[in-house]
Amino acid sequence: MFNSFGNILRLTSFGESHGKGVGGVIDGFPAGVEIDMEFIQQELNRRRPGQSAITTARKEPDEVELLSGLFEGKTTGCPIGFIVWNQNQHSNDYNNLKDIYRPSHADYTYAVKYGVRDHRGGGRSSARETTSRVVAGALAKLALKQLGINITAYTAQVGEIKLEKDYTAYDLSTIEENPVRCPDQEKAKEMQELIYQTKGEGDTIGGIVTCVIKGCPVGLGQPVYNKLHAALANAMMSINAAKAFEYGIGYKGIHQKGSQQNDIFFNDNGTINTHTNNSGGIQGGISNGQDIYFNVLFKPVATVLMEQPTVNADGTDTTIKARGRHDPCVLPRAVPIVEAMSALTILDYYLLDKATRL
């Protein structure tokens, strides 16, 4: 029932980790947007497995096939259907998990809720589903580009290794210069070493992805129950392994008084501006024209390549040791997913804003 995301712009995704493929249908996408297939494929390449020594070894080309909604290189306003075929499944790696519940996975909850579960890679609960989000997000990015809106996410922390400064201190155009997707090249090396070390131990590690949205106009957001930051939080928390969302100054604000944290307005040569942006570009649930920035915390991947206690479907105590190809850290591949969900949210709320007043 709830495999669709969005209001006016709506993505319905389908597919499982070890099924024939994953795909989606995008409805409500504006007509006349020029589609750059090379860009869409590039975005998929950023998410796909097997891209470096610190990601899963699964090799998927992740080539997208657009089925509808385009004519002569532009969107028609009709539903855009697409599919990405799965080509590198090792389903036998999961045979030992058929009747066992993996710790911190969706195995138990899916089995109880639906009475059946696809144990091969987690089925629908697998992060493989995010392929559909990246395709839709790439299309949304192309539309937002025409509006002058730019979205960049990056890895800000892995384990205890973190960037000490906020996003304004870094050149965000450099994130693709290292496999961690961190704008600080020295910190990136430390992060990469920690991930590689953790992988060698058969363990996993989490961290934080920061996202920055520039060029967003004033007025996006639908109070009171569809505030822009609430919509972004909903989008981010729908991503696999996401555990927390923080926007603007966030938790750091508890150390300040209101007089210190308030963003003071001033007349900036005829334009209303603010001296600071502690609000993170959103006030009263509505974008205020400043940069929107937020953090998404991702937990360590639940699949660890070491023996752990658990139970089987009968409730009998047992042990489990996972096999197969798994990410030791989701952060590098989560970066394009965070960008994609941000793009879908912002474009959707841009279209919603067009219905605010005549």
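Of the conditions (1) surrounded by fewer than 16 Cβ atoms within 10 Å (Cβ to Cβ); (2) in a loop (DSSP other than H, G, I, E, B); (3) touching a Ser or Thr at 6+ places or on another chain (Cβ under 6 Å), His326 clears all except one; give me its number.
Tallying (1) surrounded by fewer than 16 Cβ atoms within 10 Å (Cβ to Cβ); (2) in a loop (DSSP other than H, G, I, E, B); (3) touching a Ser or Thr at 6+ places or on another chain (Cβ under 6 Å), His326 fails exactly one: (1).
Would you mind stating whether Thr356 is out of contact with any strand residue (DSSP E or B) (no Cβ under 9 Å at 6 or more places or on another chain), of a type outside the set (Gly, Ala, Ser) and either open to solvent by 50 Å² or more (accessible area, probe 1.4 Å) or under 21 Å from Arg46 (Cα atoms) (or both)?
When the stated conditions are applied, Thr356 does not pass them.
Is there any pair linking a residue in region 60-76 that is at pLDDT below 95 to one that is open to solvent by less than 40 Å² (accessible area, probe 1.4 Å) and among the basic types (Lys, Arg), with Cβ under 8 Å and at least six apart or on different chains, and which?
Asp62/Arg47
Yes or no: Val180 assigned to a strand (DSSP E or B), at pLDDT 95 or above and open to solvent by less than 10 Å² (accessible area, probe 1.4 Å)?
Spelling it out, it is not the case that Val180 is assigned to a strand (DSSP E or B), at pLDDT 95 or above and open to solvent by less than 10 Å² (accessible area, probe 1.4 Å).
Any chance region 291-309 includes a residue that's open to solvent by less than 30 Å² (accessible area, probe 1.4 Å), modelled with pLDDT under 95 and not in a loop (DSSP other than H, G, I, E, B)?
Within region 291-309 (the criterion being open to solvent by less than 30 Å² (accessible area, probe 1.4 Å), modelled with pLDDT under 95 and not in a loop (DSSP other than H, G, I, E, B)), the answer is no, since none of the residues qualifies.
With respect to Ile286, is the statement that it is among the β-branched types (Val, Ile, Thr), touching a residue at least 60 places away in the same chain (Cβ under 8 Å) and within 24 Å of Glu43 (Cα to Cα) true?
It is false that Ile286 is among the β-branched types (Val, Ile, Thr), touching a residue at least 60 places away in the same chain (Cβ under 8 Å) and within 24 Å of Glu43 (Cα to Cα).
In region 235-256, how many residues are open to solvent by less than 40 Å² (accessible area, probe 1.4 Å) and outside any strand (DSSP E or B)?
Total satisfying the criteria: 8.
Considering only residues that are in contact with a Pro (Cβ under 8 Å, 6 or more places away or on another chain) and assigned to a loop (DSSP other than H, G, I, E, B), look in region 273-290 and name the one that is farthest from Gly250 (Cα to Cα).
Gly289
Residue-by-condition table, conditions (1) part of a strand (DSSP E or B); (2) among the aromatic types (Phe, Trp, Tyr); (3) open to solvent by 30 Å² or more (accessible area, probe 1.4 Å); (4) touching a helix residue (DSSP H, G or I) at 6+ places or on another chain (Cβ under 9 Å):
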position: Ser13; (1), (2), (3), (4): yes, no, no, yes
position: His18; (1), (2), (3), (4): no, no, no, yes
position: Gly23; (1), (2), (3), (4): yes, no, no, yes
position: Gly50; (1), (2), (3), (4): no, no, no, no
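Among the residues of region 274-291, is there at least one that is more than 21 Å from Phe245 (Cα to Cα) and over 30 Å from the mean Cα position of the chain (by Cα)?
yes
Of the residues that sit in region 152-175 and are assigned to a helix (DSSP H, G or I) and touching a residue at least 40 places away in the same chain (Cβ under 8 Å), which one is least open to solvent (accessible area, probe 1.4 Å)?
Start the filter on region 152-175 by keeping residues that are assigned to a helix (DSSP H, G or I), which leaves 167-169, 172-175.
Narrowing the set further to residues that are touching a residue at least 40 places away in the same chain (Cβ under 8 Å) leaves 167, 172, 175.
Details: Tyr167: 26, Leu172: 28, Ile175: 9 Å².
Selected residue: Ile175.
Of everything in region 52-68, what is open to solvent by less than 50 Å² (accessible area, probe 1.4 Å) and of a type in the set (Asp, Glu)? Give them in sequence order.
Glu60, Asp62, listed by residue number.
Restricting attention to region 215-234, and to residues there that are in contact with a Leu (Cβ under 7 Å, 6 or more places away or on another chain) and not in a loop (DSSP other than H, G, I, E, B), which single residue is surrounded by the most Cβ atoms within 10 Å (Cβ to Cβ)?
My answer is Leu228.
How many residues does region 289-308 hold that are more than 27 Å from Lys162 (Cβ to Cβ) and in contact (Cβ under 8 Å) with a residue 40 or more places away in the chain?
2
The values are calculated or read from the model by the stated rules, or taken from the named source; none is laboratory data. What you see is a predicted model; the values in this text were computed from it and never measured. Here Cβ is always computed from backbone atoms with ideal geometry, including for glycine, and neighbour counts include all displayed protein chains. Side chains are part of the model used for accessible areas, which takes the heavy atoms of the whole protein and leaves out ligands, DNA and RNA. Shrake-Rupley method; radii C 1.70, N 1.55, O 1.52, S 1.80 Å.
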